[in-house]
Amino acid sequence: MLNWRDPQNPIAGGAERVSVAYLGELARRGHEIYWFAYSFPGGKSEEVINGINYVRAGGKGTSVLEARKWYRRQKRFDLVIDQHHGIPWYAPWWCKTNCIAYIHEVLGPIWNSFYPWPTSVLGRWQERWTHWFYRNVTTWVPSESTRKALLAHGVRDVKAIPNGCDTVPLPSLEPKKLDLPLRLIAVSRIAPNKRVDHAVQAVPLLLRAGVAVHLTVVGGGDSLEPLK
């Protein structure tokens, strides 16, 4: 699997959590699994964790070239999973084996959260062009909404497989009396697209409406200091 990050990356998120569950199960069944990702400070170039071989090299500007160089030195793979978040690996055109795309979400307006104009516009254009370029590549997504978005962008074969959950839900919750101040919590990676700032901005709105509240924010990330 080709993916920007791996679970050991300090800024790994939900996509990595889901991916490691899938690949970990394949490893448990006896398959030989490799995960190629960007390098990061302190990360080993190669290591094996729970049966998954992690390989790290390059960054956003060089990782595709590094992946191709590493890939050519390996035995032929049976399947390559090209997982991309806005920017692809173009693996269907150089891996010379079975290849599928794995897309967690269509970024669309999320480009505007991370980049100013005109970079955001170029990012959105590039993503849509990429989907058209991948139109004949079988694509795997976790939700029906993402499937519909990709079909609208011209991708022809999209399979939605809902994410699993390894947390056992409580069978029921006892009724809870709401006492003031209300205790609110936001749990998230602190990044622009997570909109944690909206939760913070909601607090004074509630206070002005006469509702006593206290918000706790749990998480870390590049936007933590600006949020403070």
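How many percent of all Cα-Cα pairs in the stretch 1-121 sit more than 25 Å apart?
Working: 1590 of 7260 pairs.
Result for the distance tail: 22 percent.
If you line up the long axis of helix 119-133 against the longest principal axis of the chain, both from Cα atoms, how many degrees apart are they, to the nearest 10?
That helix lies at roughly 50 degrees to the long axis.
Using only the Cα atoms of the stretch 155-225, what are the Rg and Dmax in Å?
17.6, 52
Taking the Cα centroid of the stretch 93-122 and of the stretch 139-180, what is the distance between the two, rounded to the nearest whole Å?
Cα centroid to Cα centroid, the span is 20 Å.
Any idea how many Lys pairs in the stretch 14-160 come in under 20 angstrom at the alpha carbon, given 8 or more places apart or on separate chains?
Numbers: 44/60; 44/69; 60/69; 69/96; 75/96; 148/159.
Lysine pairs satisfying the spacing and distance rule in the stretch 14-160 number 6.
Roughly what angle does helix 63-72 make with the longest principal axis of the chain, taking Cα atoms, 0 to 90 degrees, to the nearest 10?
40
Would you mind calculating the gained length between residue 195 and residue 177 on full extension (0.36 nm times residue separation, minus the Cα-Cα distance), in nm to one decimal? Don't skip to the answer; put the middle values down first.
On the way: separation 18, 0.36 × 18 = 6.48 nm, distance 2.82 nm.
Length difference between fully extended and current span is 3.7 nm.
Which value at 222 nm does the chain reach when only helices count, each DSSP H run of 4 or more adding -39,500 (n - 2.57), with the total divided by all residues and rounded to the nearest 500 deg cm²/dmol? Spell out each step's value before the answer.
Details: 7 runs with 71 residues, N = 228.
Only helices count here, giving -9000 deg cm²/dmol.
Simple spin-label model, 7 Å along Cα-to-Cβ: residue 96 to residue 132 in nm?
3.0
I need 49, 100 ordered by Cβ neighbour count within 10 Å, fewest first. Each step should come with its number before you reach the end.
Numbers: 49 14, 100 18.
So the residues, fewest neighbours to most, are 49, 100.
Using 18 Å as the cut-off for backbone N distance, which residues of the stretch 154-176 belong to the label zone defined by a point 7 Å from the Cα of residue 206 along Cα→Cβ?
Hits in the stretch 154-176 for residue 206 at 18 Å: 176.
Calculate how large, on average over all directions, the projected area of the Cα convex hull of the chain is; give the answer in nm² to one decimal. List each step's numbers first, then the result.
Numbers: hull surface 64.5 nm².
That works out to 16.1 nm².
Coordinate-derived values only; no laboratory data. A quick note: this is a predicted structure, and the numbers were derived from the prediction, not measured. Neighbour counts are summed over all protein chains in view; Cβ atoms, including those assigned to glycine, are modelled from backbone coordinates with ideal geometry.
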